[in-house]
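Comments concern the structure below.
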């Protein structure tokens, strides 16, 4: 406990020093200017109260949020620069979601930018049983940029656009009318309460996060200086694939786990790309581009899938028999843990029978002393060639402690 108190005290001191040194004064002024906020806001009582509330920002949670954004931030920064909106709006996304594309709220908001279904639809974000583009890091950012630009065209100041993003343009218009001005010092008055408390704190959080994130000293003190250079880091690229492509096929071809590939594609609700149309896309790590070009067979047709709504009295066996497939095929593609099917539940039904839908890497085995590929293959009742193919081996050699993939047949 004593050690934790000391760490928190040191963190508080480093933050407090950052916010109060002359070296960072110009950086803070630049942030304020980018948001159209007057320089006197630094001496405003609101800003002083932010300094007094540093415990909100001094925990590991802040740095963890920055870490969460490491995969996406460089792309988002580039998009915002090219669109001509302040890059500091990154911290709006951080405030909304902690840079987690899987973040959600009780109001059914989702994604990095926390779009509710109606607003997402308004800006062209698709949400169906296969995909939720509110979680797509690129498409949701395009939508957020369009939304922020529209708000800026309404209010002519970026900080007002940020406030409207949080509580709605109607609420902000009423606040401005009641206050008789859009001056931030007036709108955020703690006594008049023209805006909801959440919104008054919201803009403060964005500013505070921007100030701290630009502190080289703070990042060095906490061994997080690499986060300062994210704009120069290669992250991910977009590649074209056929509709209905199994993610496992792609992850195998570029040498990463299915879990990692799914982390780059949080918009996908299934283990395959949306089956509609003929072409779709995936995001893959930048450094896997060559592997994708050399190893992934773009000519291979994607799988076909149906969505079946279960009826009263249905069973996995009856549904599988109806489609001429095995119950294991349905269980695997839907990640079912039991054979019980609730009425009205939706099931993904694999319809195609190309090789990629016949085998899914679904288990692993750790090699023990005395094991050989032949013994492991015999244990799992599969061929040695299938085991070698699943593990990208050219020789039937294994070593103790090695983890290998066991392909599970439907």
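The values are calculated or read from the model by the stated rules, or taken from the named source; none is laboratory data. Quick caveat: nothing in here was measured; it's all calculated off a predicted structure. All Cβ positions, glycine included, derive from the backbone under ideal geometry; neighbour counts span all protein chains shown.
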* Output yes when any residue across the range 47-61 is within 30 Å of residue 262 (Cβ to Cβ), in a helix (DSSP H, G or I) and either at pLDDT 85 or above or within 17 Å of the chain's Cα centre (by Cα) (or both), and no when none is. => yes
* Structure fact -> Only unsatisfied item for residue 355, checking (1) modelled with pLDDT under 75; (2) touching a strand residue (DSSP E or B) at 6+ places or on another chain (Cβ under 9 Å), is (2)
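Residues checked against (1) modelled with pLDDT of 80 or more; (2) under 31 Å from the mean Cα position of the chain (by Cα); (3) surrounded by fewer than 16 Cβ atoms within 10 Å (Cβ to Cβ); (4) in the same structural domain as residue 310 (by TED's automatic domain parsing):
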residue: 340; (1), (2), (3), (4): yes, no, yes, yes
residue: 366; (1), (2), (3), (4): no, no, yes, no
residue: 371; (1), (2), (3), (4): yes, no, no, no
residue: 379; (1), (2), (3), (4): no, no, yes, no
residue: 383; (1), (2), (3), (4): no, no, yes, no
residue: 386; (1), (2), (3), (4): no, no, yes, no
residue: 394; (1), (2), (3), (4): no, no, yes, no
* **Number of the condition not met by residue 132 [criteria: (1) surrounded by 14 or more Cβ atoms within 10 Å (Cβ to Cβ); (2) within 27 Å of residue 245 (Cα to Cα); (3) touching a helix residue (DSSP H, G or I) at 6+ places or on another chain (Cβ under 8 Å)]** => (3)
* Asked: What is the number of the single condition among (1) at pLDDT below 90; (2) in the same structural domain as residue 30 (by TED's automatic domain parsing) that residue 196 does not meet?
  -> (1)
* Do we find that residue 319 is out of contact with any helix residue (DSSP H, G or I) (no Cβ under 6 Å at 6 or more places or on another chain), loosely packed, with under 12 Cβ neighbours inside 10 Å and in a helix (DSSP H, G or I) in this structure? -> no
* Asked: Of all residues in the range 100-121, which are farther than 14 Å from residue 165 by Cα and touching a strand residue (DSSP E or B) at 6+ places or on another chain (Cβ under 9 Å)?
  -> 101, 102, 103, 104, 110, 111, 117, 121
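Residue by residue, here is whether (1) more than 23 Å from residue 100 (Cβ to Cβ); (2) touching a residue at least 12 places away in the same chain (Cβ under 8 Å) holds:
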| residue | (1), (2) |
| --- | --- |
| 274 | no, yes |
| 277 | yes, yes |
| 280 | yes, yes |
| 285 | no, yes |
| 304 | yes, yes |
| 312 | yes, yes |
| 324 | yes, no |
* Asked: In the range 100-123, is there at least one residue being modelled with pLDDT under 90, more than 22 Å from residue 269 (Cα to Cα) and assigned by TED's automatic domain parsing to the domain that holds residue 30?
  -> no
* **Flag if residue 142 is surrounded by fewer than 24 Cβ atoms within 10 Å (Cβ to Cβ), in a helix (DSSP H, G or I) and free of Cβ contacts under 8 Å to residues at least 12 places away in the same chain** => no
